[in-house]
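The next block holds one structure in the form of structure tokens; read it before the comments.
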Amino acid sequence: MEYFNPYNLQLSKYLFFTGKGGVGKTSIACATAVTLADSGYKVLLISTDPASNLQDVFETELTNKGTPIKEVDNLIVANLDPIEAAKEYKEAVIAPYRGKLPDVVINNMEEQLSGSCTVEIAAFNEFSNFITDESISEKYNYIIFDTAPTGHTLRMLQLPSAWSDFISESTHGASCLGQLSGLEEKKEIYRKAVDTLTDEKATSLILVTRPESMPLIEAERASKELKVIGINNQILIINGVLEAFNDSVSECMYNKQNKALSEIPDDLKNIPNYQLPLRSYNITGIKNVRYFFKTDNISHETKSPSLAESKELKDVIEDLYKSKKKVIFTMGKGGVGKTTIAAAVACGLAEKGVKVHLATTDPAAHLKYVMKENSLITMSHIDEQAELIKYQSEVLEKARKVMSEEDIAYVEEDLRSPCTQEIAVFRAFAQIVEKAENETVIIDTAPTGHTLLLLDSTQSYHREIERTRGDIPESVEKLLPRLCNSDETEVIIVTLAEATPVYEALRLEEDLNRANIAVNWWIINASFYYTSTSNEMLLAKAEHEVEWIKRIDNHTKGKFAAIDWKSNEVNESQLCHFIN
């Protein structure tokens with residue numbers, strides 16, 4: 001299979017990199033941007049991930065307006081921060097009324113514009129501007145998007161069609177749009193966005209995966225869903241391929257990868273495939289970004305540095321059991337193993353006789369591949385479409401009892417707004433947490449950015465409760481107090497011993513601290529340092545882990561557990577290896 005190198009390919013102007021968390025989207029997007037810029041092209045690289053890592057890769061503070069990278073001529077990099085975009089959007093809507101309307105009206109407007117709907121629309125507007133603005137198009141040869149993990153990205157790329165259809169069909173001026181004045185004026189931008197995304201000469205979707213089963217399945221799902229909305233120009237990059245082995249650990253990895261590639265889904269075989277070899281180093285700093293498509297200078301000490309002995313997952317489970325925590329989250333960057341850890345903790349507590357409900361908020365939902373229900377473990381997944389239909393039905397049923405036909409038509413239109421899905425998902429999340437009344441609830445969350453937006457929604461809704469005391473479910477009313485009670489709720493942060501997942505975990509912990517949600521344990525997953533490998537590539541990777549293990553040890557004051565890299569796909573029968 002041919003190596004991916006943008007220097008050798010005819011690429012379209014707009015490039016979207018997507019895939020499961022942890023597969024290397026950001027590394028490949030950055031290396032592509034730098035390669036094209038070094039070739040003399042003007043390049044704009046934008047992250048649409050709410051938990052962007054571009055600042056870690058370029059070791060530079062970034063804004064949503066774009067920052068030149070001093071070591072790379074022709075390259076501008078921007079972080080599309082949805083929270084910052086929402087602040088700017090909110091101020092743009094309210095500013096014309098300041099000093100003209102009473103303070104109480106301004107305060108009411110600010111409150112109404114504080115929800116996740118505003119965050120999503122504001123971020124989406126900025127994204128739409130980047131792919132429709134003619135001055136930006138003329139200024140750059142290539143505009144590259146490093147996107148959030150698949151579930152979030154699918155929604156973002158589907159939104160142009162959703163908003164275009166909604167505005168076209170809108171006859172009543174639904175409340176959501178009424179609050180966000182001027183969206184009708186955006187109709188032309190949304191139409192252009194749809195045209196650009198579906199123009200095969202203008203836009204390419206680059207699906208990034210690891211040579212592993214789950215990322216390949218997720219890449220297939222994304223490929224199919226995006227073809228449905230007309231994004232057909234697709235490329236697949238298989239990143240991190242181990243090309244040789246010489247010990248038992250590397251042989252297991254080599255065989256595991258080959259097995260996954262031999263079972264590659266048929267739909268993915270039909271699009272152009274490229275691969276990239278496994279690298280021993282972290283893709284941070286311009287020097288490593290420039291190496292990425294070219295070479296690997298493998299080097300390691302004759303004797304790896306020794307570290308203090310870490311705790312094990314069974315120690316974490318014992319602590320959770322003794323403290324009788326009722327709500328346990330696993331959080332962290334995409335691809336670090338949150339689902340596996342959540343399932344292992346559920347098994348460990350069930351072995352001690354605890355009744356557990358295991359749930360996932362991840363739109364990509366991999367839980368069903370890991371384990372099944374039994375007498376002590378029940379499971380659920382937030383199906384976004386099913387929750388939307390359920391929510392719409394319930395609201396309409398109530399409305400029909402008290403409203404006129406004209407008012408019901410208004411409600412029906414409001415419920416077709418893309419914002420309604422976020423409300424329905426949030427409500428389902430609150431209902432899952434409510435199960436903690438009767439059992440221990442373990443929640444496998446979506447990658448960091450999506451999770452933070454969900455928690456932001458929690459705080460917004462709580463403010464709404466305090467303001468209105470209106471018709472709000474008890475599950476929503478109790479949600480924030482329960483999450484902020486450290487006797488009931490605990491977050492386990494899961495990471496790899498690598499730069500980007502650790503930086504993201506540290507930022508996540510800061511956000512959780514600000515929200516008064518307790519973090520107690522960190523878990524380092526899939527560590528090569530804790531294996532017995534003698535393979536030079538894997539030893540070099542293990543040696544790069546040492547710095548990050550030490551940082552986690554210092555940061556947590558020893559309150560972390562470590563799990564070695566496992567050779568097999570983890571399923572129910574193998575979870576006991578994680579626990580014991």
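The values are calculated or read from the model by the stated rules, or taken from the named source; none is laboratory data. Computed from a predicted model, the values in this text were never measured in an experiment. In this analysis, Cβ positions are derived from the backbone assuming ideal geometry, glycine residues included, and neighbour counts consider all displayed protein chains. What goes into the accessible areas is simple: the full protein's heavy atoms, side chains included, and nothing from ligands, DNA or RNA. Shrake-Rupley method; radii C 1.70, N 1.55, O 1.52, S 1.80 Å.
Can you list the residues, at least 5 places off or on another chain, whose amide H is less than 5 Å from the amide H of Ala78, using H built in the peptide plane?
Those lying under 5 Å, H to H, from Ala78 are Leu45, Ile46, Ser47, Thr67.
Go ahead and run the numbers for FRET between Ser375 and Asp315, Cβ-Cβ distance against an R0 of 35 Å, rounding to 0.05.
0.85
Show the residues, 5+ positions off or on another chain, whose built amide H is closer than 5 Å to the amide H of Leu358.
Under 5 Å from the amide H of Leu358 lie the amide H atoms of Thr378, Met379, Ser380, Ile442, each far enough along the sequence or on another chain.
Sorted by mean Cβ packing within 10 Å, highest first, what order do the peptides 79-86, 388-395 take?
The peptides rank, most packed first, as 79-86, 388-395.
In terms of modelled amide H atoms, which long-range or inter-chain residues lie less than 5 Å from the amide H of Trp521?
The answer is Ile493.
Please find the FRET efficiency linking Glu263 to Lys355, where r is the Cβ-Cβ separation and R0 is fixed at 45 Å, and quote it to the nearest 0.05.
Values: r = 36 Å, r/R0 = 0.80.
In this case the efficiency is close to 0.80.
Mind ordering 94-107, 259-272, 324-337, 229-242 by average Cβ neighbours within 10 Å, highest first?
324-337, 229-242, 259-272, 94-107
Lys287: which aspartates and glutamates have alpha carbons under 16 Å from its alpha carbon, excluding same-chain residues fewer than 8 sequence positions away?
Within the straight-line limit of under 16 Å, Lys287 reaches these aspartates and glutamates: Asp38, Asp56, Glu59, Glu71, Asp73, Asp296.
Using θ = phi - 60° and the Karplus curve 6.51 cos²θ - 1.76 cosθ + 1.60, what whole-Hz ³J(HN,Hα) does each residue of region 266-282 get, with Gly and Pro shown as x?
Result, ordered by residue: 4, 4, 7, 5, 8, 10, x, 10, 9, 9, 9, x, 4, 10, 7, 10, 6 Hz.
Hey, with R₀ at 60 Å, roughly what FRET efficiency would Arg416 and Ser534 work out to, going by the Cβ-Cβ distance, to 0.05?
On the way: r = 60 Å, r/R0 = 1.00.
The value I calculate is 0.50.
Per-residue HN-Hα couplings for region 537-552, Karplus 6.51 cos²θ - 1.76 cosθ + 1.60 at θ = phi - 60°, whole Hz, x for Gly and Pro?
4, 6, 5, 5, 5, 4, 5, 5, 6, 4, 4, 7, 5, 4, 4, 5
Compute the distance from the alpha-carbon center of region 194-254 to that of region 12-81, in whole Å.
Spelled out, the Cα-based centre of one part sits 19 Å from the other.
Would you list, by chain and number, the lysines whose Cα falls below 28 Å from the Cα of Lys324, excluding same-chain residues fewer than 8 positions away?
Within reach: Lys311, Lys314, Lys333, Lys338, Lys352, Lys355, Lys368, Lys372, Lys435, Lys478, Lys557, Lys559.
Taking 7 Å along the Cα-to-C-beta vector as the label spot, tell me the Asn255-His555 distance in nanometres, rounded to one decimal.
Reported label-point gap for Asn255 and His555 is 3.6 nm.
Need one value: the accessible area of Lys192 in square angstrom, 1.4 angstrom probe, rounded to the nearest 10.
70 Å²
Hey, what do the phi angles of region 243-248 turn into as Karplus ³J(HN,Hα) couplings, whole Hz, using 6.51/-1.76/1.60 and θ = phi - 60°, x for Gly and Pro?
9, 7, 9, 8, 8, 5
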